[in-house]
1. Give the residues of the stretch A:1-20 that are within 21 Å of residue A:212 (Cβ to Cβ) and at pLDDT below 95, sorted by residue number.
2. Given the condition out of contact with any helix residue (DSSP H, G or I) (no Cβ under 9 Å at 6 or more places or on another chain) and more than 9 Å from chain B (Cβ to nearest Cβ), answer yes or no: does some residue in the stretch A:32-46 qualify?
3. Kindly indicate which of B:147, B:151, B:171 is surrounded by 15 or more Cβ atoms within 10 Å (Cβ to Cβ), at pLDDT below 90 and over 22 Å from residue A:68 (Cα atoms).
4. Does residue B:59 meet the test of being in a helix (DSSP H, G or I) and within 14 Å of another protein chain (Cβ to nearest Cβ)?
5. Hey, which of the helices (runs of 4 or more DSSP H) in the stretch A:83-183, taking only ones fully inside, have at least 3 residues that are under 17 Å from the mean Cα position of the chain (by Cα)?
6. Test residue A:52 against the criterion of being in a loop (DSSP other than H, G, I, E, B), in contact with a strand residue (DSSP E or B) (Cβ under 9 Å, 6 or more places away or on another chain) and either at pLDDT 95 or above or over 27 Å from residue A:166 (Cα atoms) (or both), and give yes or no.
7. Here is a check on your reading of the model: is residue B:12 within 14 Å of another protein chain (Cβ to nearest Cβ) and in contact (Cβ under 8 Å) with a residue 12 or more places away in the chain?
8. Please work out if residue A:150 is modelled with pLDDT of 90 or more and farther than 29 Å from residue A:268 by Cβ.
């Protein structure tokens, strides 16, 4: 697991992007990381992977400080940034052969299955000839095939069409082992709402909301009502109000991500 | 896993070399040709067509061109490969392996190409030069040229200070430039004041150079361990 203890980060002193965050990334979970533009999602991902060092606090990956960038720690982490460059003249085959050797659990079978599902069937294609969406698909396939314990994806579905988004969810369900964890940062919550087991929301002040969807369903109930009385959070809709209430003995209900996100961002859910 | 493995270091070197310099041979030949034309033109113009003098200039320029790629290697390491599972020491050693290999390969290719061009020009030069012109061979070889490769750790250190100290002001960067510059100026002044003879000046300058190379090699490694990807991207 990855443990964040009282982590604070700033790019300029006095302007905290991440403020006193404590959380645990547990094994076998899929985390949805949400936040408004500029809230610090990418910064948080970089902190968890060891690309940034906390100004205050500590981040431990399997008990090792990520700041040390030990080989074992790095072999447990795969990170797909929102924007990345691939050498245009290099082939898929060459890229994989050069990069995969560092990951002991790399699986060519998983890679081939993922590439097949994404419709990328020519390993000798130059990376420069792939479209933006195809580059993202290739990188996703490669990251999934590395077999690392922690996978961090920053806006992985950028530039991808709808069928590929569905394929992405299926591939995660098929290939993510029980001991692996994934953190997916995205603006499009509907893309990941069906697969996440936990929600991380970076508020605008840099603090973090973190809870599992099971806990949230037990604690809150969601429904459409003609009144907003007694609601923890409510939004107007054509039928009246979409309301989030404390669960007073009702059966557990699935809470839409967008309602939860708005409720957290506006301070209705702490 | 061990914090140092020769196999992993070589695999990392192969990764960097493959992704930075890999690919089309024709493209590389074109680049070598363009740089060679530039070197030959510049060196002959500076020497008013004197081929013997041009050879010395061309050799210096080839060595400068050969060590420049180290900045690309370092930038690739910092921006793309901090998370590749290899220790910082392995990555650091790898920078030198790739820089020296690429530098040596570039030097040989440029030397061959520039020698050919200068030989062709010398057929029409006045006064006639020794033919063929062979750069870095025979009378054109100088052991001091090897010292050029000692500049690699200095460049790595300077580049890391630039990256690492961006947010903390530029004092360290300027100190790194000014202190050695002052040291060399002091030697020149002492020489001019007849307090040091030529031999002593060479020894003193060589000593300072050696200290600089060793210090920057150690300091650059320490800085690399602290490098972060602290660009503020789209959060």
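1. A:1
2. yes
3. Values: B:147 fails: surrounded by 15 or more Cβ atoms within 10 Å (Cβ to Cβ); B:171 fails: surrounded by 15 or more Cβ atoms within 10 Å (Cβ to Cβ).
Checking each option against the conditions leaves just B:151.
4. Values: in a helix (DSSP H, G or I): yes; within 14 Å of another protein chain (Cβ to nearest Cβ): no.
Taking the combined requirement at face value, the residue does not satisfy it.
5. On the way: elements: A:92-99, A:108-117, A:132-145, A:162-175.
Filter on the stretch A:83-183 gives A:132-145, A:162-175.
6. Working: in a loop (DSSP other than H, G, I, E, B): yes; in contact with a strand residue (DSSP E or B) (Cβ under 9 Å, 6 or more places away or on another chain): yes; either at pLDDT 95 or above or over 27 Å from residue A:166 (Cα atoms) (or both): yes.
Yes: the conditions hold for residue A:52.
7. Details: within 14 Å of another protein chain (Cβ to nearest Cβ): yes; in contact (Cβ under 8 Å) with a residue 12 or more places away in the chain: yes.
Judged against the criteria, residue B:12 is a match.
8. Working: modelled with pLDDT of 90 or more: yes; farther than 29 Å from residue A:268 by Cβ: yes.
Yes; evaluated as a whole, the condition is true for this residue.
The values are calculated or read from the model by the stated rules, or taken from the named source; none is laboratory data. Keep in mind that what you see is a predicted model, and the values were worked out from it rather than measured. All Cβ positions, even for glycine, are placed from backbone atoms using ideal geometry, and neighbour counts span all protein chains on display.
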